[in-house]
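A.B. asks: Take this structure, written in structure tokens, and hold onto it; I'll ask about it next.
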There are 4 protein chains.
Amino acid sequence: MHFASDNWAGAHPQISENLTRRAAGFVAAYGASDLDKAVEETFSAIFERQVAVFFVATGTAANSLSITSMSRPGGVAFAHREAHMIEDECGAPEYLSGGTRLHAVDGELGRVDPRKLATAVSEFDPDFVHGGRPVGISITQSTEIGTVYSLAEIDAVVKVCRDNGLPLHMDGARFANALVSLDTTPAEMTWRRGVDIVSFGGTKNGCWCAEALVVLDAEKADEIRFIRKRAAQLFSKSRFVAAQFEAYFEEGLWLETARHANEMATRLADRMAASSKIRLAWKPQANEVFAVMAKALMEQLRSRGAVFYPWKTPRSFAGRIAEDETLCRFVTSFATTPEEIDRFGVLIAR
Amino acid sequence: MHFASDNWAGAHPQISENLTRRAAGFVAAYGASDLDKAVEETFSAIFERQVAVFFVATGTAANSLSITSMSRPGGVAFAHREAHMIEDECGAPEYLSGGTRLHAVDGELGRVDPRKLATAVSEFDPDFVHGGRPVGISITQSTEIGTVYSLAEIDAVVKVCRDNGLPLHMDGARFANALVSLDTTPAEMTWRRGVDIVSFGGTKNGCWCAEALVVLDAEKADEIRFIRKRAAQLFSKSRFVAAQFEAYFEEGLWLETARHANEMATRLADRMAASSKIRLAWKPQANEVFAVMAKALMEQLRSRGAVFYPWKTPRSFAGRIAEDETLCRFVTSFATTPEEIDRFGVLIAR
Amino acid sequence: MHFASDNWAGAHPQISENLTRRAAGFVAAYGASDLDKAVEETFSAIFERQVAVFFVATGTAANSLSITSMSRPGGVAFAHREAHMIEDECGAPEYLSGGTRLHAVDGELGRVDPRKLATAVSEFDPDFVHGGRPVGISITQSTEIGTVYSLAEIDAVVKVCRDNGLPLHMDGARFANALVSLDTTPAEMTWRRGVDIVSFGGTKNGCWCAEALVVLDAEKADEIRFIRKRAAQLFSKSRFVAAQFEAYFEEGLWLETARHANEMATRLADRMAASSKIRLAWKPQANEVFAVMAKALMEQLRSRGAVFYPWKTPRSFAGRIAEDETLCRFVTSFATTPEEIDRFGVLIAR
Amino acid sequence: MHFASDNWAGAHPQISENLTRRAAGFVAAYGASDLDKAVEETFSAIFERQVAVFFVATGTAANSLSITSMSRPGGVAFAHREAHMIEDECGAPEYLSGGTRLHAVDGELGRVDPRKLATAVSEFDPDFVHGGRPVGISITQSTEIGTVYSLAEIDAVVKVCRDNGLPLHMDGARFANALVSLDTTPAEMTWRRGVDIVSFGGTKNGCWCAEALVVLDAEKADEIRFIRKRAAQLFSKSRFVAAQFEAYFEEGLWLETARHANEMATRLADRMAASSKIRLAWKPQANEVFAVMAKALMEQLRSRGAVFYPWKTPRSFAGRIAEDETLCRFVTSFATTPEEIDRFGVLIAR
């Protein structure tokens, strides 16, 4: 019963096999191989327009270099208070972007509140040299707490961007999970609405290490070539990422693994909803389930083999957890089985 | 006839297979798995002392974070003029270390000249705030041009370090090739002589992406945890690197692949030495061969399927190449076959 | 009626005259002159212990380099939400310190709430590489909104520092105003309580440009020499700052100018308290007065020659200003005259 | 006999007096005062076109922020090997510009050799992500060793800039000394030839602290507002710099002080030329004289009250100093008197 994180799972067999298949032979390094180029074309096909793709080592790198590419001296970028780049990246976005400040914006259920966002941005006069100036906005899709921005909710954020002339970044560490949750297309979820740059994550959804910046603005793309290399994020044997993405996209594997992960989350949520010992914190929309339970129960479940961790209470959920309770996160993935869920269901049903 | 670079080769089958073997199941992320820890122990066994190991994405990252860990405000680090970190890393060491200057030192055949090094260091008064202050020295083993520092030559560099209280970094992107060339041990080639931190590369020697900082000073190690994460270089599914190193070290695979690559380089050099059309620039000691030939011949050879590139003339070799000639680099790897060499030998023998 | 800011005033005549007196003759540059050294000794006398003093160009520089000297990779520093370094320094502390994050802590009346501070610090596990780690705490004395930490309140902050092994920085852009307000000594207000480093400002209190880092830890001091030069903050004709501080400290001029400024603030507050048109936002303790008035009145007063500006409502004062009202700041200085105050008093009394 | 440096002199009486004159009264801070604006207009008049002017604290700041404004990720800037920004700024340009590399170019007598410059630039392919890319060129006028680029020599450097699409920075720490030496105008010496940005120094020529970036490209100018503030280089009582420049430019004071300093250098050189004990290293063109003498003589002269220092031998002068000799620098300034020179002349004539 492994619910610790989707990055505790290994690699999907088809991805692993493709790596083996692509291991032989000589090809150009640093992204210049035919395979690299073919995969870049696949990205363009999937996004329904010519995009520039930059493989990087980690989601933190994708986020940090996105911020770097948007930033200017004295820059302030806006993100949800509980966004990964604020909570979990050790200051990498600030460090790599030359000191861009990340400004936390609140919002229910992991989503930036567009009115609060507009207010936060409006507090910075872009011409006032002392306060810093807005340079971009970032949203996470799906969010850190397993919810998803609807297309209309993305539109509302885009409106703030447009009103203020700001680019929009999407942290898509769990892009596929959001995509299948919304039953939409990459184009609809991104550039057709107004997203400018995407941290496109494959790692959590079945790859070993497959993260990419997907950039829609060709001019920025050229700059990012140098931004990436300067940040020591240009792989030499780049095809090892390309080979992962090749298998990832083949015959919709990525959507299948994401759909599976989401279904497992729903199944888990159903078990929880049926339990009197545990309560769902909010309805999961992707592959993460958050639940409140007694601390004693948490210990008991863990001692019986369930692997999961407590989670810091989101500000918008404050006051809804009793003293002897705790909020816990459960993450499902391509590798989660219905059997595991059901075994866990039995544990909480008892 | 692929001699473009050792990073044009893919992954060694045993490494590829191990990745597949390790793909299944759930394990802790971010380097906390049993496999990660076991591989760290293997490193300690190989180095014959407890070392701290930090996987990173690229050799550039390993070098840059090594420099970062050694540096202080106003820092100046010393390296060979043609070192990778000076010539080929797009300023990553300077950028990631907060502006540490890389000071180029000359020396014959890719090796820092210890006397010139001592002079260069002595030109910086560590107490004089205007000039910057020495913070470390870096050598590359094997060097960018396929030569190797003998143990005595390392000793001579260490002496300069000790005389000036400076730490010594070894860029070991081709560590194994140097090791088998010298027929020595990792301990002898590093800390027993006075090397403090190693960029330990596995990628060029048969892995997909397996680079590590190997740190001998435990205090620095703790700092590097944060230095690495802040630089967006901490892999989540870290075991995919661990699995590569596991296979890499198993039954001496890494020494075998390095020995093979070196032997192929020697074989290639022998073919060149026997040719009247081409001349060896200098004797290869690892897995890179440099040769001078007519530009016309270069084009001819390439049109007949030999893949290799011209190389910028090292300062110490200046004046030894005619107007119509060019210096070219040939790199061998675990995947180079004697047949390829021999086919090339035929081409130049004609 | 100039209440815009204490940096709208010029230089005190005694300081100006001393600059003229010190203008002639040759002395060593970069802080090595006898005058520089004598002033450094005066600092030590005033602080009642040997301190290291570093002149810098601006208060922002003093704050940013203080943060730099305390920081480490992945560092997070804590300051009041409305602190100058958060609100008004264009990201300089983050930029100059290599990306240190400034974490905003709330508190009534411009002072960090020690309990909230303790909670904020406790949310960062110094060993958890993802979240960043606490590296220091900063308080502003007197605060951005004209209040002062009592000695006991400083003690409460120091306790949080000690409990967490963190250094304490004091932004003393208005150090003297706080000092005379508390009727205490520099030693009592700083190191005897546990302050480690002070941004010591003379500019707002009658100098042209006289800012210094005052450092109590000798080891850090040596590092700051390089931190300062690397940040382009080492003056060549350093004596022009030394000459200002020489006059500043002579026969207690600095305390006299601060006392005068504070008295003018009290006088102004008294006039406001007596007015029915305007209400004091909170009791001034140094040289800044904040008042709430109708927007229409603000315009009227400004049209009659009073120079002052609206101020962003502090979070702890939210909800206490009506729609048609505005919060305004009035700053007094060595150059403010009782006559100006009284003229303004007449305006609001009408 | 003070020849240590022009920054050992204090402030010119007219500049000092103007500071006193401007000390009274309230004016807007941060460069918004009428005086600041008037001085900016004076700069435009002097440069014969609308320029943007940014006061900063030090010449190092002016240089570093110029480089920052020109740079891009992976940037390499070119300057003479013995340029101040390479030799004497503790890595500030690299640090403040996010890691831009300074590439040393040789040239006789302190001037960049245009052919060597062209070669150096050509070694970087602006599209090759590994090597870094050229972002700008910097020359020093007058140079670190007291020589001056003729207008034709500037043209030759500009040609390299234009051939490569690179901006040109002029480090004018001793701008006035070069100007009067060439008997030309600021416009002729800068933008009419192709200089884009100038570090305009007043400090060494009679001010206390008056350094400015003078920027010809309006678009860059807006960016520099933030670059400056982010670097903690925006003075609050900015008029104290404005007041210095006001007096500096009044009735050509700056040209007069520079002319005086240059004349004193010529007088000193004449005394040396007439001496058999000492020899001029090269002909001075501005306010610095370099001479070779026996070490014993140096000690003797210093013991008799002459203040001057040895200077590191420029690469282009290597081999021209005997073992028992030393190269020394003598700097003259507005404050140097003919009497001092003559007294020194007597010492070396004996």
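A.B. asks: Are there helices (runs of 4 or more DSSP H) fully within the stretch B:163-249 with at least 1 residues that are of a type in the set (A, V, I, L, M) and closer than 21 Å to B:Ala152 by Cα? List them.
C.D. replies: Of the helices (runs of 4 or more DSSP H) lying wholly inside the stretch B:163-249, those with at least 1 residues that are of a type in the set (A, V, I, L, M) and closer than 21 Å to B:Ala152 by Cα span B:175-182, B:186-189.
A.B. asks: It is to be established whether one or more residues within the stretch A:110-125 are buried (at least 24 other Cβ atoms within 10 Å of the Cβ), among the β-branched types (Val, Ile, Thr) and more than 26 Å from A:Cys328 (Cβ to Cβ).
C.D. replies: Checked against the condition, which is being buried (at least 24 other Cβ atoms within 10 Å of the Cβ), among the β-branched types (Val, Ile, Thr) and more than 26 Å from A:Cys328 (Cβ to Cβ), the stretch A:110-125 yields no hits at all.
A.B. asks: Which one is farthest from A:Glu340 (Cα to Cα) among residues in the stretch B:7-40 that are touching a strand residue (DSSP E or B) at 6+ places or on another chain (Cβ under 7 Å) and either of a type in the set (Val, Ile, Thr) or facing another protein chain (nearest Cβ under 9 Å) (or both)?
C.D. replies: Per the criteria, the residue is B:Trp8.
A.B. asks: Condition check: crowded, with 24+ Cβ neighbours inside 10 Å and away from every other protein chain (no Cβ under 14 Å). Does B:Gly91 satisfy that?
C.D. replies: No: the conditions fail for B:Gly91.
A.B. asks: Continuing with this model, one more query. With the requirement that a residue be crowded, with 24+ Cβ neighbours inside 10 Å and either within 12 Å of chain C (Cβ to nearest Cβ) or under 22 Å from D:Arg228 (Cβ atoms) (or both), what does the stretch A:72-81 give you?
C.D. replies: The answer is A:Pro73, A:Gly74, A:Gly75, A:Ala77.
A.B. asks: Further question: Here are A:Pro114, A:Pro134: which of them is more than 26 Å from B:Arg228 (Cα to Cα) and within 14 Å of chain C (Cβ to nearest Cβ)?
C.D. replies: When all the criteria are applied, what remains is A:Pro134.
A.B. asks: While we're on this one: Of the residues B:Ala281, B:Ala294, B:Ala212, B:Ala274, only one is over 26 Å from A:Ala242 (Cβ atoms), away from chain A (no Cβ under 12 Å) and buried (at least 19 other Cβ atoms within 10 Å of the Cβ); which?
C.D. replies: B:Ala281
A.B. asks: What single numbered condition from (1) under 27 Å from D:Glu82 (Cα atoms); (2) surrounded by 15 or more Cβ atoms within 10 Å (Cβ to Cβ); (3) at pLDDT 95 or above fails to hold for D:Ala247?
C.D. replies: (1)
A.B. asks: Being closer than 30 Å to B:Val105 by Cα, surrounded by fewer than 21 Cβ atoms within 10 Å (Cβ to Cβ), more than 14 Å from every other protein chain (Cβ to nearest Cβ) and not basic (Lys, Arg) is true for just one of B:Glu323, B:Glu288. Which residue is that?
C.D. replies: After ruling out the rest, the residue left standing is B:Glu323.
A.B. asks: Among the candidates A:Thr60, A:Thr68, which residue alone is over 22 Å from A:Ala178 (Cα atoms) and within 20 Å of the chain's Cα centre (by Cα)?
C.D. replies: Going through A:Thr60, A:Thr68 in turn, just one is over 22 Å from A:Ala178 (Cα atoms) and within 20 Å of the chain's Cα centre (by Cα): A:Thr68.
A.B. asks: Right, something else. Restricting attention to the stretch A:137-162, and to residues there that are assigned to a helix (DSSP H, G or I) and either within 14 Å of another protein chain (Cβ to nearest Cβ) or of a type in the set (D, E, K, R) (or both), which single residue is surrounded by the fewest Cβ atoms within 10 Å (Cβ to Cβ)?
C.D. replies: For the stretch A:137-162, the residue satisfying everything is A:Arg162.
A.B. asks: Quick one: which residue in D:Thr266, D:Thr337, D:Thr313 is of a type in the set (Val, Ile, Thr) and closer than 30 Å to C:Thr20 by Cβ?
C.D. replies: D:Thr337
A.B. asks: Residues in the stretch A:228-237: is at least one more than 9 Å from chain B (Cβ to nearest Cβ), in contact (Cβ under 8 Å) with a residue 60 or more places away in the chain and over 19 Å from A:Ala173 (Cα atoms)?
C.D. replies: No, that holds for no residue.
A.B. asks: To continue, here is another question. Filter the stretch B:215-227 for residues that are more than 12 Å from chain C (Cβ to nearest Cβ) and modelled with pLDDT under 95 and give the result.
C.D. replies: Result: B:Leu216, B:Asp217, B:Ala218, B:Glu219, B:Ala221.
A.B. asks: Here's something else I'd like to know. Restricted to the stretch A:215-238, and to residues that are surrounded by 21 or more Cβ atoms within 10 Å (Cβ to Cβ) and among the basic types (Lys, Arg), which residue is nearest to D:Gly75 (Cα to Cα)?
C.D. replies: Checking each candidate, the answer is A:Arg230.
The values are calculated or read from the model by the stated rules, or taken from the named source; none is laboratory data. None of the values given here were measured: they were computed from a predicted structure. Cβ atoms come from the backbone with ideal geometry, glycine included; neighbour counts cover every protein chain shown.
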